[in-house]
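Everything on this sheet refers to the single structure shown next.
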Amino acid sequence: YAKTGKRIPEDILQDFIMGKDVILPFDVREIIEKHLIDFVHKTEGQLNEYGFDIDYSNIIYVGGGATIMRRFASNRTNVSYLEDVRLNARGYELLAKSQMNRG
């Protein structure tokens with residue numbers, strides 16, 4: 001919005017991230033791609049800071065961010081993508097149930 005003065009509808013943005021055909025002005029498409037690539041670099045940088053060598057560690061990206069990583073990160077054979085956006089919520093649900101059963 002800051003660069004174009006227009007808001008991108010959420011559904012169009014999600015479709016773009018998933019690789020679907022969407023109608024976007026070229027300049028807007030470039031801005032979105034730049035921010036998604038920045039997200040990828042930041043995520044990979046954080047993994048490196050935490051001691052994971054992304055070239056040699058087995059990595060599994062889970063949830064909505066997995067789609068971004070699959071589409072905009074370098075293709076690596078040591079990376080898997082579980083793109084179901086509900087997986088994070090399911091994991092937290094299992095964690096909560098486990099914690100409740102301890103008490």
Answer label, with P(r) over Cα pairs in 10 Å bins from 0, in percent calculated from the coordinates and candidates [x] 13, 35, 30, 17, 4, 1; [y] 16, 55, 26, 3; [z] 15, 47, 27, 10, 1: [x]
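Please compute the net charge surrounding Val62, taking Lys and Arg as +1 and Asp and Glu as -1 over other residues with Cβ under 13 Å from its Cβ. If you can, show how the numbers build up before the last one.
Working: positive: Arg70, Arg86, Arg90; negative: Glu83, Asp84.
In short, +1.
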Under 25 Å from Lys42, Cα to Cα: lysines that are on another chain or at least 8 residues apart: Lys3, Lys20, Lys34
Restricting the stretch 1-78 to chymotrypsin sites (Phe, Trp or Tyr not before Pro) in coil, as DSSP defines it, with at most 15 other Cβ within 10 Å: Tyr1, Tyr50, Phe52, Tyr56
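At 0.36 nm per residue, and after removing the present C-alpha to C-alpha distance, how many nm does the segment from Thr4 to Phe39 gain when stretched out fully?
Working: separation 35, 0.36 × 35 = 12.60 nm, distance 1.99 nm.
Here the segment from Thr4 to Phe39 would lengthen by 10.6 nm.
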Helical contribution to [θ] at 222 nm, DSSP H n ≥ 4, -39,500 (n - 2.57), averaged over the chain, rounded to 500: -18000 deg cm²/dmol
Spherically averaged projected area in nm², based on the convex hull that wraps the Cα atoms of the stretch 13-68: 4.4
Farthest toward positive dipole pole in the chain [+1 Lys/Arg, -1 Asp/Glu at C-beta], among Tyr61, Val28, Gly91: Gly91
Contact order normalised by residue count of the chain, Cα under 8 Å, 6+ apart, percent: 22
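Length gain on complete extension for the stretch Asn75 to Ala89, per 0.36 nm per residue less the alpha carbon to alpha carbon distance? Display every interim value, and only then the final one.
Details: separation 14, 0.36 × 14 = 5.04 nm, distance 2.66 nm.
Additional length available on full extension: 2.4 nm.
List the trypsin sites (Lys or Arg not before Pro) in the stretch 13-103 that DSSP assigns to loop (not H, G, I, E or B) and whose Cβ has at most 15 other Cβ atoms within 10 Å. Which are they? Present the calculation step by step, with values, prior to reporting the outcome.
On the way: sites: Lys20, Arg29, Lys34, Lys42, Arg70, Arg71, Arg76, Arg86, Arg90, Lys97, Arg102; in loops: Lys20, Arg76, Arg86.
The qualifying sites are Lys20, Arg76, Arg86.
What is the sum of charges around Val40, taking Lys and Arg as +1, Asp and Glu as -1, for the other residues whose C-beta is under 14 Å from the C-beta of Val40? Don't skip to the answer; put the middle values down first.
On the way: positive: Lys34, Lys42, Arg70, Arg71, Arg76; negative: Glu33, Asp38, Glu44.
Once all neighbours under 14 Å are counted, the net charge is +2.
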Contour excess over end-to-end distance, with Cα ends at Gln14 and Ile54 and 0.36 nm allotted per residue: 11.8 nm
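Just so you know, all these numbers are worked out from the coordinates, no wet-lab data involved. Here the structure is a predicted model, which means the values were calculated and not measured. Because the Cβ atoms are built from the backbone with ideal geometry, glycine has one as well, and the counts that use them run over all protein chains shown.
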